[in-house]
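The values are calculated or read from the model by the stated rules, or taken from the named source; none is laboratory data. Since this is a predicted model, take the numbers as computed values, not measurements. Here the Cβ is made from the backbone with ideal geometry for all residues, glycine too, and neighbour counts use every protein chain on show. With ligands, DNA and RNA removed, areas are computed over all heavy atoms of the protein, side chains included. Shrake-Rupley method; radii C 1.70, N 1.55, O 1.52, S 1.80 Å.
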Amino acid sequence: MRAISARAAMFGTVAAAALFTSPAAAATQGNPTASPPSTNDAQTQAQAATGSDQQIVVTARRRNELLLNVPVAVTAYSGEQLNRQGALDITDIGDTTPNVTLEVSRGTNSTLTPFIRGIGQQDPVAGFEQGVGLYLDDVYLNRPQASVLNIFDVERIEVLRGPQGTLYGRNTIGGAIKYVTKRIASDGPHFSIRTNLGTHRQADLIVSVSTPLSQQFLVSAAAARLSNNGFGKNLTNGLRNYNKDVFAARGTIEFVPSDAIFVRVSADKTWDDSNPKGGHRLFPNLCQPSPSVLVQQCNGSLPVLSNVFDTQGGLNDPRQKVRAWGVSLWAEAELSDWLKFRNITAFRKDVGYTPIDFDATPFVDVDVPAIYRNRQFSQELQLVADKGPLQGVVGFYYLNAKAFDEFDVRLYTTLNGFTQGTIGDIRTKTWAVFGDLTYDFTPQWSVSVGGRYTNDKRNAFIHKANFTGGGQPDLGGSSGFGVGTQSGVALSNFNGSRTDKAFTPRASVNFKPTPNHNIYLSYSRGFKGGGFDPRGNTTNAPIPQTPQSIYDFMAFDPEKVDSYELGWKASLFNRRLQIATAIFDAEYKDVQVPGSAPCLTVVGGVALNGFCGVTTNAGKARIRGVEIETNARLANNLATAGDRLSFAGTLGYLDGKYRRFITNIAGLGPVDVSNNRKIQNTPKWTLSGSLDYDTPAFGGRLNLNTTLSYRSFSQQFELPVPYIDQSGFSLWDANAVWRSLNGHWELGVHAKNITNKKYIAAGYNFLLVNPITGALILNSAGQPQAALGKTGTATAFYGNPRQVFVSAAFNF
């Protein structure tokens with residue numbers, strides 16, 4: 001249903017069963033007060049993740065706990081649940097998780113844009129921090145590039161909503177997403193092969209093998225080839241648009257010398273050679289002929305294309321590709337019967353070459369060839385305690401990361417080969433100490449308190465300049481990435497450093513009137529690091545310019561939130577109905593709003609519109625909301641012995657509002673425009689309903705399920721953009737999966753977005769608008785006007801169309 005992805009070893013689907021809060025999940029059974037399984041016990045972990053004869057166990061508080069007992073709004077999905085619903089990548093779970101938006105970023109195939117409870121970040125440029133933390137086997141992924149995780153070898157995915165600053169640290173101000181892979185089974189060698197074949201020439205092949213080498217050593221390996229022919233075509237260069245061309249491999253070694261020690265080493269790599277993803281142009285050519293405009297710019301009306309997945313963007317430089325790899329060491333040792341030591345060490349690196357044609361025309365106008373290079377090393381140490389009424393975790397975290405971006409902005413001008421080139425080198429060193437403890441005063445009452453102290457240091461080098469003489473003399477722009485001669489002084493030649501310190505506490509009170517009910521009241525604080533605008537022009541700093549005024553102009557402050565939440569989780573009617581609800585209020589300060597806008601620059605004595613960062617700390621915002629998740633076992637033995645029918649529903653409501661939004665308006669100075677701004681990517685309503693019927697059939701079991709999800713109107717940006725903002729829409733999926741009784745064979749048919757709904761997931765907008773209201777400024781002919789370049793940029797990227805595919809798997 002959603003777009004293409006690339007992060008190693010996350011493709012396809014594997015088995016487990018449905019979780020308590022996941023849509024259409026199977027109902028759980030068993031003793032609600034039972035202790036969670038040991039982290040080292042792979043079999044009990046798998047059982048817990050399925051909800052089969054076990055309570056649901058999650059690690060939302062960095063320790064194993066029953067989901068019913070956790071004072072956090074958590075939605076958990078098992079690998080089997082994702083398999084039955086035909087999920088292809090991590091963005092699919094956004095349709096059935098309340099108040100969550102997960103999309104592939106505009107103009108890319110593998111960069112993730114996550115929003116939880118209205119908080120996120122859609123600009124992937126180095127220097128901007130994410131608002132939602134993504135964790136792969138407890139390893140924090142510092143940058144959004146190559147983070148659209150495909151679903152493969154997965155035990156469960158947990159979505160934690162609300163600030164998670166105490167246990168997960170900086171940049172989890174909106175929430176966190178945990179992707180947990182399966183451990184190696186110790187009961188002999190296993191082999192699995194799976195294929196998906198479908199519309200748009202979808203062809204996936206996933207092969208995995210695992211075996212114990214001895215009682216202490218276990219190994220596994222997997223490889224995946226994922227492809228489709230795209231949903232449209234680039235009519236300028238003939239390439240397929242929205243296609244997928246991915247190969248990935250993963251290897252794991254586990255060492256279990258005793259019941260008290262577990263060590264896991266994993267390595268993965270992804271090769272993504274998908275084509276550039278071009279946008280759909282929403283207006284004809286807006287070029288207005290004049291003596292200063294080249295004839296080629298106004299040639300052709302460029303009518304709006306009938307297929308929203310077609311594009312006419314001419315940029316194909318540099319050649320699109322993504323390479324991502326990583327290695328991690330996860331180890332745990334029991335120091336005593338109540339205390340465990342845990343180590344998580346990881347190194348990751350990725351590079352992406354991405355040509356982004358903003359205006360989606362054959363001309364060199366607002367074309368942005370970009371290179372993203374990221375690397376990170378992280379180290380985390382934990383002590384996990386469980387002694388009588390006291391449970392908790394304390395730890396230390398360290399991250400050393402580098403994000404290096406290089407991009408050009410190629411614009412139409414009367415100058416030969418005009419380009420604005422930018423280099424951003426952002427280096428981060430952060431460390432933190434944290435702890436979270438729970439004390440059970442009685443079987444009914446418990447109190448949790450925790451806190452995290454973070455020291456977050458950032459160094460930034462930003463160089464930006466105008467270049468001319470790049471080639472293609474009739475079209476403008478550079479004939480090669482980074483080609484040209486610098487014209488005049490640099491627009492930015494900035495070196496800056498800042499250190500932000502924060503204490504993020506958390507506290508909650510739990511009341512369990514019975515073992516099947518949990519009522520909690522919690523408070524938490526979140527923190528997102530400050531930084532420097534990677535697209536800012538130091539030449540635009542206020543006059544008189546001093547080192548301090550330039551620093552202040554380029555810098556933005558940390559964002560902070562205080563969140564209050566009241567929740568109720570229950571298992572009713574002999575566990576036939578399970579429900580989780582939350583009511584919350586989040587108060588934000590110094591909200592970071594990254595952005596870019598046209599700005600004047602002078603080249604060779606000619607004043608031209610350029611491309612500038614306009615990042616600001618807007619002020620204050622308030623987000624309130626409600627979340628409800630239900631799972632009901634409607635009937636057993638309905639049509640035949642051994643069948644069951646279940647229903648799962650989710651509802652999310654958000655009331656988000658800027659209480660203060662200060663921006664500088666030309667001729668007016670600082671203005672509070674909060675009444676004209678809305679929180680982006682935040683639909684007021686998110687709903688879903690799923691029916692799941694499972695029955696004995698054909699010598700095995702047949703599962704039939706269908707899901708209808710709805711999202712109300714949402715804005716792409718803080719200012720309204722009617723032609724890009726998406727009105728309310730629904731998506732309908734259906735799946736049929738048969739599995740043999742011994743689990744060796746599996747056949748499935750999957751249909752996603754059955755009604756073929758066209759909906760906008762992201763976009764670009766550089767048209768002249770009123771800076772306060774966002775209303776279009778029309779010319780004398782009643783047409784929109786370009787604010788950057790000549791042809792006008794109003795480009796949309798769409799969610800995936802109807803997809804139908806069959807799946808077949810053999811497991812031994």
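Could you check the stretch 156-214 and list, in sequence order, the residues that are at positive phi and open to solvent by 10 Å² or more (accessible area, probe 1.4 Å)? Gly188, His200, Arg201, listed by residue number. Within the stretch 501-513, none of the residues are among the hydroxyl-bearing types (Ser, Thr, Tyr), surrounded by 17 or more Cβ atoms within 10 Å (Cβ to Cβ) and more than 30 Å from Asn69 (Cα to Cα). Which one is surrounded by the most Cβ atoms within 10 Å (Cβ to Cβ) among residues in the stretch 258-286 that are more than 29 Å from the chain's Cα centre (by Cα) and closer than 30 Å to Ala331 by Cβ? Ranking the qualifying residues of the stretch 258-286, first place goes to Phe262. Among the conditions (1) over 30 Å from Asn637 (Cβ atoms); (2) among the acidic types (Asp, Glu); (3) part of a strand (DSSP E or B), the only one that Glu718 does not satisfy is (3).
Taking the conditions exactly as written (in contact with an Asp or Glu (Cβ under 6 Å, 6 or more places away or on another chain), in a strand (DSSP E or B) and either open to solvent by 10 Å² or more (accessible area, probe 1.4 Å) or on the phi < 0 side of the Ramachandran plot (or both)), does Phe434 satisfy them or not? So Phe434 does not fit the description; no. Is it true that Arg84 is of a type outside the set (Ser, Thr, Tyr), closer than 29 Å to Asn459 by Cα and open to solvent by 10 Å² or more (accessible area, probe 1.4 Å)? The answer is no for Arg84.
Of the residues making up the stretch 446-477, those that are in contact with a helix residue (DSSP H, G or I) (Cβ under 7 Å, 6 or more places away or on another chain) and either at pLDDT below 90 or outside any strand (DSSP E or B) (or both) are Asp474, Leu475. Tallying residues that are under 24 Å from Pro683 (Cβ atoms) and in contact (Cβ under 8 Å) with a residue 60 or more places away in the chain within the stretch 768-787 yields 2.
State whether one or more residues within the stretch 552-559 are closer than 17 Å to Ser508 by Cβ, assigned to a strand (DSSP E or B), at pLDDT 90 or above and not β-branched (Val, Ile, Thr). No; the residues of the stretch 552-559 include none that is closer than 17 Å to Ser508 by Cβ, assigned to a strand (DSSP E or B), at pLDDT 90 or above and not β-branched (Val, Ile, Thr). Determine whether the stretch 523-542 contains at least one residue that is more than 30 Å from Asn664 (Cβ to Cβ) and crowded, with 17+ Cβ neighbours inside 10 Å. There is at least one residue in the stretch 523-542 that is more than 30 Å from Asn664 (Cβ to Cβ) and crowded, with 17+ Cβ neighbours inside 10 Å. Taking the criterion of being in a loop (DSSP other than H, G, I, E, B) and among the charged types (D, E, K, R), the residues of the stretch 96-128 that qualify are Arg106, Arg117, Asp123. Given the criterion in a loop (DSSP other than H, G, I, E, B) and touching a residue at least 60 places away in the same chain (Cβ under 8 Å), identify the matching residue among Gly567, Gly536. Just one listed residue meets the conditions, Gly536.
Taking the listed residues Asn196, Asn229, Asn237, the one that is closer than 30 Å to Arg281 by Cα and touching a Gly at 6+ places or on another chain (Cβ under 8 Å) is Asn237, with no other qualifying. Does Ala346 satisfy being surrounded by 18 or more Cβ atoms within 10 Å (Cβ to Cβ) and at positive phi? Considered against the rule, which asks whether it is surrounded by 18 or more Cβ atoms within 10 Å (Cβ to Cβ) and at positive phi, Ala346 comes out as no. Exactly one residue out of Ala648, Ala666, Ala639 is among the hydrophobic types (A, V, I, L, M, F, W, C) and open to solvent by less than 30 Å² (accessible area, probe 1.4 Å): that is Ala648. Scanning the stretch 219-234 for residues that are more than 30 Å from Asp359 (Cβ to Cβ) and touching a Ser or Thr at 6+ places or on another chain (Cβ under 6 Å) yields Ser220, Ala222. For first residues located in the stretch 739-763 and assigned to a strand (DSSP E or B), partners that are among the hydroxyl-bearing types (Ser, Thr, Tyr) and open to solvent by less than 20 Å² (accessible area, probe 1.4 Å) and lie 6+ apart or on another chain with Cβ distances below 6 Å form the pairs Gly748/Ser807; Gly763/Thr795. Within the stretch 495-533, the set of residues being in a loop (DSSP other than H, G, I, E, B) and more than 22 Å from Asp585 (Cα to Cα) comprises Lys512, Pro513, Thr514, Pro515, Asn516, Gly530, Asp533. Of the residues making up the stretch 767-810, those that are open to solvent by 10 Å² or more (accessible area, probe 1.4 Å), under 31 Å from the mean Cα position of the chain (by Cα) and among the hydroxyl-bearing types (Ser, Thr, Tyr) are Thr773, Tyr798. Which residues, counting only those in the stretch 97-123, are at pLDDT 90 or above and more than 28 Å from Glu559 (Cα to Cα)? Scanning the stretch 97-123 gives no hits. Within the stretch 478-494, the set of residues being assigned to a strand (DSSP E or B) and either of a type in the set (Ser, Thr, Tyr) or at pLDDT 95 or above (or both) comprises Thr485, Ser487, Ser492.
When Thr236, Thr252 are checked against the criterion of being among the polar types (S, T, N, Q) and open to solvent by 30 Å² or more (accessible area, probe 1.4 Å), Thr236 stands alone in meeting it. Of the strands (runs of 3 or more DSSP E) that lie entirely inside the stretch 611-688, those containing 3 or more residues that are touching a strand residue (DSSP E or B) at 6+ places or on another chain (Cβ under 9 Å) and hydrophobic (A, V, I, L, M, F, W, C) span 619-636, 644-665. Quick check: is even one residue across the stretch 735-745 buried (at least 21 other Cβ atoms within 10 Å of the Cβ), at pLDDT 95 or above and not basic (Lys, Arg)? Taking every residue of the stretch 735-745 in turn, at least one turns out to be buried (at least 21 other Cβ atoms within 10 Å of the Cβ), at pLDDT 95 or above and not basic (Lys, Arg).
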